[in-house]
Amino acid sequence: MKLLMARYWLDGMRCHIDDAFMNALNILENIKEDYSTEVCDRLDRFREPLYEENECKAIENAEAESIRRMRAGHDQQLQQDLARVFAEGKTWLQRLWQEDGSKTWGYAVFESPQFVADPKCDVYKGEQKKVIEKSLDRIGAGMEIFRRYKMETQSWPSQISTHRFPEVVDKLRQEFKNRRNRGSLSDGLLPNVFLYLDHESAISLFHAHGHVDAMWIWAVDPDYEPENDPTGDYQGYLRVCLKQLVDNFYVARRWQSDLSMNDLWNAAQRESNEAFASVEPEMPDEFPLRTKSNNVAPEYLRVLHPIRHD
């Protein structure tokens with residue numbers, strides 16, 4: 001490999017040449033795979049008269065070997081990463097990998113258009129991303145499981161014209177079920193719950209001043225039927241601590257079929273902010289998870305108000 005690189009490839013320029021070549025290939029493949037193959041074949045035929053004897057074959061062999069070594073190195077890193085996860089991470093992570101392997105895992109998320117249009121929406125997204133990353137690191141998810149977690153934003157249903165919270169949730173519930181029944185949800189997203197981000201849940205992050213336990217988001221049961229619970233306080237949704245989206249709440253919705261969303265709602269009521277953290281009372285965290293303060297101005301918090309009418 002070193003001999004070939006020194007003989008045929010320009011070391012100082014190779015990274016730039018490779019980057020340009022790969023970018024061009026990606027563009028071609030986005031157009032059409034067959035077209036990409038045809039262009040590459042034409043390029044090889046054009047360059048062939050310029051090669052020295054056996055140079056083309058030598059480069060092909062070297063590229064194949066380079067790819068093989070890269071894959072072998074990746075496989076070794078993967079096994080090392082998973083070994084650390086299984087030894088040091090939460091026990092359910094091993095089950096997740098055994099059942100799903102390289103599939104994504106996570107939730108479908110609907111975002112209020114009123115909040116999406118807010119100037120602070122991007123700020124929220126950046127802070128939420130940091131919270132989830134810290135939470136995944138806290139449970140020992142490792143790199144492979146970490147990067148496969150997804151909170152996939154769903155397109156907002158065009159037929160929703162109301163801002164009343166209960167009505168919005170009911171319409172989102174029906175929309176989610178329709179998409180689930182059509183099989184249009186991305187593979188790996190939980191089918192028995194979805195998340196809803198609005199002004200009220202966003203405020204919890206901005207008011208938290210970096211305390212992750214105080215940050216929450218709405219979780220909605222798509223299969224809730226009001227007529228089955230006419231007198232209860234539970235209305236088919238609950239608050240969930242952001243960090244528990246990748247821990248206790250995910251485990252409960254993924255594997256603990258004996259626990260209903262009503263059970264999780266009841267568990268949430270004992271928390272100071274009524275956001276689900278655990279089914280069983282947890283000991284106070286010796287080292288509470290925190291992010292750096294987002295320094296949101298108080299005057300902004302007065303503007304960022306929930307549009308909710310129960």
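What the table below lists for this structure:
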item	result
Some residue of the range 76-94 being part of a helix (DSSP H, G or I), outside the structural domain of LYS243 (by TED's automatic domain parsing), closer than 30 Å to ILE27 by Cα and not polar (S, T, N, Q)	yes
Only listed residue being over 30 Å from TYR196 (Cα atoms), at pLDDT 75 or above and among the small types (Gly, Ala, Ser), chosen from ALA58, ALA83	ALA83
Of all residues making up the range 210-239, the number that are farther than 21 Å from VAL131 by Cα, charged (D, E, K, R) and surrounded by 20 or more Cβ atoms within 10 Å (Cβ to Cβ)	1
Residue within the range 178-189 that is closer than 21 Å to ASP263 by Cα and assigned by TED's automatic domain parsing to the domain that holds SER102 present	no
Selection count where residues are of a type outside the set (Asp, Glu) and touching a residue at least 60 places away in the same chain (Cβ under 8 Å), scope the range 97-118	11
Residue check for VAL39: modelled with pLDDT of 70 or more and under 21 Å from SER102 (Cβ atoms)	no
Among (1) more than 23 Å from TRP105 (Cα to Cα); (2) among the charged types (D, E, K, R); (3) assigned to a strand (DSSP E or B), the one test that GLU200 misses	(3)
Residue within the range 101-115 that is in the same structural domain as VAL212 (by TED's automatic domain parsing), touching a Leu at 6+ places or on another chain (Cβ under 7 Å), surrounded by fewer than 17 Cβ atoms within 10 Å (Cβ to Cβ) and not polar (S, T, N, Q) present	no
Helices (runs of 4 or more DSSP H) fully within the range 100-172 counting 1 or more residues that are on the phi > 0 side of the Ramachandran plot, of a type in the set (Gly, Ala, Ser) and modelled with pLDDT under 95	142-147
Unmet criterion (only one of (1) aromatic (Phe, Trp, Tyr); (2) surrounded by 11 or more Cβ atoms within 10 Å (Cβ to Cβ); (3) modelled with pLDDT under 95) for TRP255	(3)
Which numbered condition ASN181 fails, given (1) closer than 24 Å to GLU200 by Cβ; (2) without any contact (Cβ under 8 Å) to a residue 12 or more places away in the chain	(1)
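Quick grid of which residues meet (1) over 18 Å from the mean Cα position of the chain (by Cα); (2) under 25 Å from ALA117 (Cβ atoms):
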residue: HIS163; (1), (2): yes, yes
residue: ASP170; (1), (2): yes, yes
residue: GLN174; (1), (2): yes, yes
residue: ARG180; (1), (2): yes, no
residue: LEU190; (1), (2): no, no
residue: TYR196; (1), (2): no, yes
residue: ALA202; (1), (2): no, yes
residue: ALA208; (1), (2): yes, yes
residue: MET215; (1), (2): no, yes
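The values are calculated or read from the model by the stated rules, or taken from the named source; none is laboratory data. Owing to the predicted nature of the structure, the values given are computational and were not obtained by experimental measurement. Here Cβ is always computed from backbone atoms with ideal geometry, including for glycine, and neighbour counts include all displayed protein chains.
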